[in-house]
Structure formats: C-alpha cells, structure tokens
Amino acid sequence: MRDVLINLLFPLRCPVCDDIVPVGEGKVCRLCRPKIRYIVEPTCRKCGRQLNDHAKVFCMECEKTKHIFDRGVALYDYQSMKKSIFRFKYKGRREYAKFYAEDISLHLKAQIQSMGIDMIVPIPLHKSRKKSRGYNQAELVAKHLSRITGIPMKHNLVKRVRKTVPQKQLDSRARQNNLKKAFNINPNVVKLGKRILLVDDIYTTGSTIDAVANVLKCRGVETIYFITLCIGEGM
C-alpha cells in the first residue's frame, strides 16, 4: 500500500522512454521492456563487448590494443539505451541511477562475485563539469551498486585534475593524449584495495578506463576491473 501511494504522489518515469510508468508495471513500462538489449555471450574477454562469433576471444579493438585494465563487462547495447543515458547525463534524470544499479546486480551478479572486488570506484568528473551538471552520473550508479552488493565505494579515491575535451569529439589517438595526466590519486586516501571495480556510463575505446587504471596500478593496485552501462558492438 505504501509503495502504491508513493507512486501516485511521485510517479516513476520509465528509464527507456521517460514516460510515467503505470502502477504495477515495475520500473520500466511494459512497452519498453522488450526494447532493452542486454550484452550476452559471446563477449570480448577483455572489454566485454558483444561479439558475433563464438569462436573469437577478443573484439577487433582489443586484439590491436594493449589495455592497462584487466577486464570489463557491460550491461546494455549502446544503441538500445543511448537516449536513456543521454537524459541521465544531461537532462537531470539522476533517478535512473537506482534502476541501472539494480539491473547490473540482476544481470551481472555472477561476474561481480567472481571478481572478488575490494572497492568500487566511479570514474570522476572534473570539478567544473560536476558543478555545471550538478552530479557525477558514474558516482550515482556506483553508490547504489555499493549499497546493493555491500562492497564499499570510494568516490574521492581518484581525482580528475585536468579538464579535458569530451572524448566523443576525438579519435582513438587523440583520446589517449587528451587524458595524459588528467587523473591522480587523492593523497589523503591511505589504503587502496588490491582489486578495484571502476564504474562508468559508456565504454568506447577504453582510453578513460586505462588512464584511471594506470594511476591506480602505479599506487600498487593489482587488478582493475570495470563495469559500464553501455558499450558498442564488436566484431
């Protein structure tokens, strides 16, 4: 009864279409649930990208790129959820974060458990960007995921100390150069976990994940995993 009253006073919006979800249909409206495309096997054993060939181990990008991170997984195919992610990042739909974290827990629970994670760390935003946006979208998802899994989150472990050009505007080589010396470790944080899970919204080339993984491994972190909400298709 309490949940029904809350939904009447503060109706949920579907994270796929953004329309109000009818009472009793859950957190995604009935028409949108089939539109969500989840990443399923076969996947790249490095970045988690969807593959079309069960005989392949890595996607084309990971075959030619030496990544610093150890392994990652993703939840959604980018094309099916790109409008949802856009509203989440740029239109103030921060309430989507809880749905995303619950969906991660539902669909990627086995992978998370197998990683043996000590700490969850969201990919940080530069302070100016966080101020203009009002929040860090990766931090919101990481916070809910920490609550669900019981794995501690350190939102201030890594800092973005240089304001960079948005990665989506650059090619692969420019992305790497753009992120040089963009991150560092908060000197006030003494204890780092040995196995860290980075959380971000979209995986493209992995340059951002690699840049953060580099500063963490330089401080003695042994294994860097990541989870992103969306990823594109591999080959």
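The values are calculated or read from the model by the stated rules, or taken from the named source; none is laboratory data. Computed from a prediction, not measured in an experiment: that's the story for all the values here. For accessibility, only protein heavy atoms count, side chains too; no ligands or nucleic acids. Shrake-Rupley method; radii C 1.70, N 1.55, O 1.52, S 1.80 Å.
In the range 87-166, the portion of solvent-accessible area held by carbon and sulfur atoms comes to 50 percent [1.4 Å probe, whole percent, DNA, RNA and ligands not counted].
Once backbone amide H atoms are built at 1.01 Å from N, Leu12 has Val21 as its partners under 5 Å, excluding neighbours fewer than 5 places away on the same chain. In terms of distances greater than 23 angstrom between alpha carbons, the cross-link table entries Lys159/Lys180; Lys130/Lys181; Lys181/Lys217; Lys66/Lys191; Lys64/Lys159; Lys98/Lys130 yield Lys66/Lys191; Lys64/Lys159. Measuring with a 1.4 angstrom probe and ignoring ligands and nucleic acids, His67 comes out at about 20 Å² accessible.
In the chain, how does Rg compare with the Kirkwood Rh, expressed as the Rg/Rh ratio over alpha carbon atoms? Could the numbers behind the result be given before it?
On the way: Rg = 17.8 Å, Rh = 18.5 Å.
Using Cα coordinates only, the ratio equals 0.96.
Rounded to the nearest Hz, the phi-derived 3J(HN,Hα) couplings of the range 209-220 under the Karplus curve 6.51 cos²θ - 1.76 cosθ + 1.60 (θ = phi - 60°) are 4, 5, 5, 6, 4, 4, 5, 6, 5, 5, 9, x, where x marks glycine and proline. If ligands, DNA and RNA are left out, what is the accessible area of Thr65 with a 1.4 Å probe, given in Å² to the nearest 10? Roughly 50 Å² of Thr65 is accessible to a 1.4 Å probe. How much of the DSSP beta bridge set in the chain is antiparallel, as a percent to the nearest 5? Taking every DSSP beta bridge with both residues in the chain, the antiparallel ones total about 20 percent. Decide, for the range 7-99, between rounded, prolate and oblate: order the square roots of the alpha carbon gyration tensor eigenvalues as a ≥ b ≥ c, take rounded if a/c falls under 1.5, and otherwise choose prolate if a/b is larger than b/c, else oblate. Prolate is the answer for the range 7-99, as a/c is 1.5 or above and a/b outweighs b/c. In this structure the amide hydrogen of Tyr38, modeled in the peptide plane, comes within under 5 Å of the amide hydrogens of Asp77, none closer than 5 places in sequence on its chain. The largest accessible area among Lys83, Lys131, Lys27, Lys180 belongs to the first residue in Lys131, Lys83, Lys180, Lys27, and the rest follow in falling order (1.4 Å probe, all chains). A probe of 1.4 angstrom, applied to the heavy atoms of all protein chains, finds Arg160 with accessible area near 40 square angstrom.
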